[in-house]
1. Mind listing just one residue for me: the one in the stretch 164-180 that is open to solvent by 10 Å² or more (accessible area, probe 1.4 Å) and under 19 Å from Gln303 (Cα atoms) and, of those, farthest from the chain's Cα centre (by Cα)?
2. Checking the structure you have, find out if any residue of the stretch 42-59 is outside any loop (DSSP other than H, G, I, E, B), open to solvent by less than 40 Å² (accessible area, probe 1.4 Å) and at pLDDT 95 or above.
3. Filter the stretch 153-168 for residues that are touching a residue at least 40 places away in the same chain (Cβ under 8 Å) and either on the phi < 0 side of the Ramachandran plot or polar (S, T, N, Q) (or both) and give the result.
4. So which residues in the stretch 288-329 are under 12 Å from the mean Cα position of the chain (by Cα) and more than 30 Å from Phe230 (Cβ to Cβ)?
5. Which one of Val290, Val196, Val300 is β-branched (Val, Ile, Thr), more than 21 Å from Asn166 (Cβ to Cβ) and open to solvent by 10 Å² or more (accessible area, probe 1.4 Å)?
6. Kindly list the number of the only condition in (1) surrounded by fewer than 24 Cβ atoms within 10 Å (Cβ to Cβ); (2) at pLDDT below 95 that fails for Glu317.
7. Of the residues in the stretch 140-158, how many are within 12 Å of Arg109 (Cα to Cα) and open to solvent by less than 20 Å² (accessible area, probe 1.4 Å)?
Amino acid sequence: NSDSFSCLLITPSQSVSQSLNLTYSVNAAAAAAVDRTEGGVMEFISRRRYSLLCFIISGLLFPALVAPLGINYGQIANNLPSPDKVVPLLKSVGANKVKLYDADPRVLRAFANTGIEFAVGLGNEYLSKMTDPEAAKAWVKTNVQCYLPATKITSIAVGNEVLTFNDTSLSGCLFPAMQSVHTALVTLGLDKQVTVTTAHSLAILETSYPPSSGAFRRDLKGCVAQILDFHTKTGSPLLINAYPFFAYKGSPKQVSLDYVLFQPNQGILDPASNLHYDNMLFAQIDAVYVAMNSLGYKKVSVQISETGWPSKGDEDEVGASPDNARKYNGNLMKLAMQKKGTPMRPNSELDVYVFALFNENMKQGPTSERNYGLFKPDGTASYQLGLPGVSSGDGNKTIGGGGGGGGGPVTSKTNTTSTAPPDSSSSGYLSISSALGELRYAGPWLYFGIMLIALLSSYLIIW
């Protein structure tokens, strides 16, 4: 009934919610007027009709605004804000998922009852110990079970880019450790809510161009097949760290900047599949799907566990700039919000974790490694993504200091297998906005939605 209609208005946008609530109030008054003039039957019909129309409208508008968007929360720094100050930053960019590189108790406690999903990490240094089922069970109890259900831990990433370290003693522990952790979850009755996986560098592929030729490295096929079999049985995704930045940095004259930044460009046509690609990340994802298909695994989903673009780099790190970082991450987040799939999997939503939340000043390697963050440690944006309530540059908005230490990937990112793009250039970029704030990115769709609501409201009041 009309009294319980507000339950339908569970929206990510306060501004839209307020507009609909206002519209509802106006039409509630109209319904009362109908009741006084034409009786209870008209009230029943008009209220039911209004509720149905608003439900349809919300179904048309809100799916475009809600999409799974993850952020990597690394902490190799000595100047980061305390975890409780981080919650508003994540919400400001519309993120509803976070991936840690450890199981920092300060973070997990701070995010209790926020509804934000967490993937916790089990570092490479623990893999040999985790092959012992009892040790794995103890780790799960201490780092996962004790925070549930208040903190929404949904996944455990066992190790990071293990297979491409070319360390056989380490890679030999990976699969047994994953099994032990999963067995611990089953024993504790948590396997239905927490999955087990591991993140791989895109360098596990031997070939990726064109996407239809995607294939895993021959020396890794045995290990990869074991892990894919595990994913099939447990329903967990394959995690891939993919960085088109490295492809452009390595061959800036051959690789189109527009192609890697999701800018308008002529794209490429895969001669075997006849599929058209207008950005490198989608081509890389589909190359992984093809590689999995060649091993007989067609139902495992792919999650991009890391991708991003640095806002600063050394002289030889071509393309590392605030403008390019803004274009890459802004366009990527827009695509995620649009629930757009790849050419090979158009109906599968883009499942992506942006790297990273903060610039991390203690990371080793080139300058770019310390400048992947969407935010600086003081809470200002590293560059302007067009997000409401987030300042950039030398703005005054700060969120306090403290925290730091532990957790993130220590080594520099490995170069990924490139996907050759066309050669073109463009200066524009697609603006985005948070699904939790202004709806600027919706453009004409927002205008259409508002006009539709206004017209329907006017019709109902008159009717």
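The values are calculated or read from the model by the stated rules, or taken from the named source; none is laboratory data. This is a predicted model, so every value here is computed, not measured. Note: ideal-geometry Cβ built from the backbone for every residue, glycine included; neighbour counts use all protein chains shown. Note: areas computed on protein heavy atoms with side chains; ligands, DNA, RNA excluded. Shrake-Rupley method; radii C 1.70, N 1.55, O 1.52, S 1.80 Å.
1. Phe175
2. no
3. Ile153, Thr154, Ser155, Ile156, Ala157, Val158, Asn160, Leu163, Thr164, Phe165
4. Within the stretch 288-329, Asn329 is the sole residue that qualifies.
5. The unique qualifying residue is Val290.
6. It fails just one condition, (2).
7. Number of matching residues: 3.
Here's the yes/no breakdown for (1) at pLDDT below 85; (2) open to solvent by 40 Å² or more (accessible area, probe 1.4 Å); (3) among the hydroxyl-bearing types (Ser, Thr, Tyr):
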position	(1), (2), (3)
Asp35	yes, yes, no
Ala67	yes, no, no
Gly74	no, no, no
Val93	no, no, no
Val107	no, no, no
